[in-house]
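Chemist: A single structure is presented below for examination.
The values are calculated or read from the model by the stated rules, or taken from the named source; none is laboratory data. These figures come from a predicted structure and were not determined experimentally. Reconstructed Cβ throughout: ideal geometry from the backbone, glycine too, with neighbour counts over all protein chains shown. Surface areas here come from the heavy atoms of the whole protein model, side chains and all, with no ligands, DNA or RNA. Shrake-Rupley method; radii C 1.70, N 1.55, O 1.52, S 1.80 Å.
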Amino acid sequence: YFLDKSDKYDSRDVERLQQDDKWVENYLIWRHDVVDDTLKMIDESFQWRKEYTVNDLSESVLPKWLFEIGALFLHGYDKEGYKLFWFKVKHHTRDPKQQLDKKKLVAFWLEHYSKRDHGKPLTVVFDMAETGISHIDLDFVRFIVNCFTDYYPNFLTKIVIFEMPWIMNAAFKIVKGWLGPDAISMLKFTNKSDVQEYISGEYLPPHMGGTDSFKYSYPPLVDDDFQTPLCENGPITSEDEHESKEEIDADTKEAGELNEAQNLNQKKMNSIEQISKSEETDKTEVKPKNAKKALTTFKGPLLHISPAEELYFGSKETGEKKCLIVLTNVTKNVVAFKVRTTAPEKYRVKPSNSSCEPGTSLDIIVSLHGGFAASLQDRFLIMAAEMDQSSGAGVPELTQFWKEVPRTKVMEHRLRCHVIESSKPSSLTLKDNTFNIPAKTNEDLHIQLTHLLQINRRLEEQMNRCLWFQQLSVVLSLLSVTVAAFCFYLAYAQRS
């Protein structure tokens, strides 16, 4: 294929195919490991990618009105944790002059998401509320279907169709013919009464029976539906208004205890480095499949962020309600940062909008608010940008700074939530008034084992001493009995 059609491919796609095993694997999975079918799909998708200049699609090359109408966007997650790709059908009208731009908008969103989340599958939602015959556009629907069946391999989990009007039944019979048996099994026709079998109410708008207050607007580009930054002490509720000063002081003390515990842990790690090489060779090199480093760090151009990927929260049984994020400024300037979340009603972030001095580290405490529980679908976004030394770092200055800073100069990093049921997480996790040390390494276990052996030796020595005293006591007792018996005998002999 490459020798015959190399001029029909984008060289960047060819290079990626040679380097990205996951991409190749997705093509194979989608074509059931049939190599000829896989090659044909790669050929067709590569030609399509070059025709639509997919690698060069951006907001600037597409008409602004396409983003403003809100017909296509990414927002929320289904019950399996897959991102939702929304098609608001009522905003779409047939117009041959606009068709190419609309198709490029679909390609833009799919490529934007695939690069950001490395091809993690999507759930497509066709919201057909308030639609009719004027909104039927089979050519556009066929293009969307082809994107998932021919151009983006292993990218589709299910297609949720909400309240399809009966007048469109005939049209969808045609669509089913394009999908093929694998994709047909992914079709889920729903209405207000059963849509929550696939998507929880927190990510459904009110007209679909949900409680999601999200309102699409542009600009900026809807980016993983992170909402407005939290205020300094988290969302303002009646409970927060009555929060006592002692609780605030406890949080400050807790952060201090955390820093102290980190220092102790660092000293312990320094002592571990002195373990002999012979002991090091005894350690197993086989690691569990899901093993993580005790402390993972994302090394960005402005900030180093720890943990790198996931914040660990406990279930109601384990009671862990707080996590720590450590930011380290690696630049020579002040770095402003703010924290955004997909669920601002659940979490309190201290601080959520502040700045970090050059070369210093800053702790951010993320805590669950009230009776809320962490969810696997919850996400956090950390945004950072360099500030001029003279601009100041107060609340007014930060507010103005974020209004003016260009998007191209903002560093962004995302963190997922992870809920632990029983075992302790291998990240920085805070519990009320307690610091939970990260998962134990082989070095930690070695030190503990050595300590236990020393305690065991001391116990053995004490036991041996006790046994010696016991034996001595028995001998002395026997001697005493013997002496007493002899004296009794002598006394009896004298009387006789």
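Chemist: Could you pull out the pairs from Lys103/Lys192; Lys90/Lys158; Lys79/Lys120; Lys50/Lys299 whose alpha carbons sit more than 26 Å apart here?
Modeler: Over 26 Å Cα-Cα: Lys103/Lys192; Lys50/Lys299.
Chemist: Further question on the same structure: So how compact is segment 57-208: Cα radius of gyration and Dmax in angstrom?
Modeler: That works out to 14.7, 41 Å for Rg and Dmax.
Chemist: May I ask you to evaluate 6.51 cos²θ - 1.76 cosθ + 1.60, the Karplus curve with θ = phi - 60°, for each residue of segment 306-311 and list the ³J(HN,Hα) values in order in whole Hz, giving x for glycine and proline?
Modeler: 10, x, 7, 10, 9, 9
Chemist: Sticking with this structure for a sec: Give me the distance in nm between label points sitting 7 Å out from Cα along the Cα-to-Cβ direction at Val24 and His304, one decimal.
Modeler: The answer from the label model is 3.5 nm.
Chemist: For segment 298-418, what relative contact order do you get, as a whole percent, if you take Cα pairs closer than 8 Å and at least 6 residues apart? It would help to have the intermediate numbers written out before the result.
Modeler: Details: 255 pairs, mean separation 36.8, N = 121.
Once divided by the residue count of segment 298-418, the mean separation gives 30 percent.
Chemist: Applying the Karplus parametrisation 6.51 cos²θ - 1.76 cosθ + 1.60 with θ = phi - 60° to the phi angles of segment 39-49, what ³J(HN,Hα) value in whole Hz is obtained for each residue in order, glycine and proline being reported as x?
Modeler: Karplus-based 3J(HN,Hα) across segment 39-49 equals 4, 5, 5, 4, 4, 5, 5, 5, 5, 5, 4 Hz.
Chemist: Could you list, in their original order, any pairs among Lys115/Lys409; Lys115/Lys321; Lys22/Lys83; Lys104/Lys338; Lys40/Lys409 whose Cα atoms are separated by more than 30 Å?
Modeler: Beyond 30 Å: Lys115/Lys321; Lys104/Lys338; Lys40/Lys409.
Chemist: Continuing with the same structure: Going by amide H atoms built from the backbone, whose H comes under 5 Å of the H on Leu311, apart from near neighbours?
Modeler: Arg416, Cys417, His418
Chemist: Using only the alpha carbons, work out the radius of gyration and Dmax of segment 298-418 in angstrom.
Modeler: 14.8, 49
Chemist: Going 7 Å from the Cα of Ser213 along its beta-carbon direction, which residues of segment 328-345 have the amide nitrogen within less than 16 Å of the resulting point?
Modeler: 341-345, by backbone N distance to the label point.
Chemist: Whenever you get a sec, line up Arg379, Arg416 from highest to lowest accessible area (probe 1.4 Å, protein heavy atoms).
Modeler: Arg416, Arg379
Chemist: Quick query: amide H of Phe189 versus all other amide H atoms, modeled in the peptide plane; which residues come in under 5 Å with a sequence gap of 5 or more or a different chain?
Modeler: So Phe189 has HN proximity to Ile161.
Chemist: Round to the nearest 10 and report in Å² the accessible area of Ser193, as given by a 1.4 Å probe over the protein chains' heavy atoms.
Modeler: Surface accessible to solvent at Ser193 totals approximately 110 Å².
Chemist: Could you compute how much accessible surface Asp78 exposes when probed at 1.4 Å, giving the result in Å² to the nearest 10?
Modeler: Approximately 0 Å² of Asp78 is accessible to the 1.4 Å probe.
Chemist: Between His32 and Lys120, what FRET efficiency comes out of the Förster formula 1/(1 + (r/R0)^6) with R0 = 25 Å and r the beta carbon distance, rounded to 0.05? Working shown, then result.
Modeler: Working: r = 21 Å, r/R0 = 0.83.
Efficiency, rounded to the nearest 0.05: 0.75.
Chemist: Can you pull the percent of Cα pairs in segment 11-54 with separation above 12 Å?
Modeler: In whole percent, the long-distance tail amounts to 61.
Chemist: Spelling out what I want: for every residue of segment 194-208, take phi, set θ = phi - 60°, compute 6.51 cos²θ - 1.76 cosθ + 1.60 (Karplus), and round to whole Hz; glycine and proline get x.
Modeler: These are the phi-based 3J(HN,Hα) values: 10, 5, 6, 5, 10, 10, 6, x, 5, 10, 10, x, x, 5, 9 Hz.
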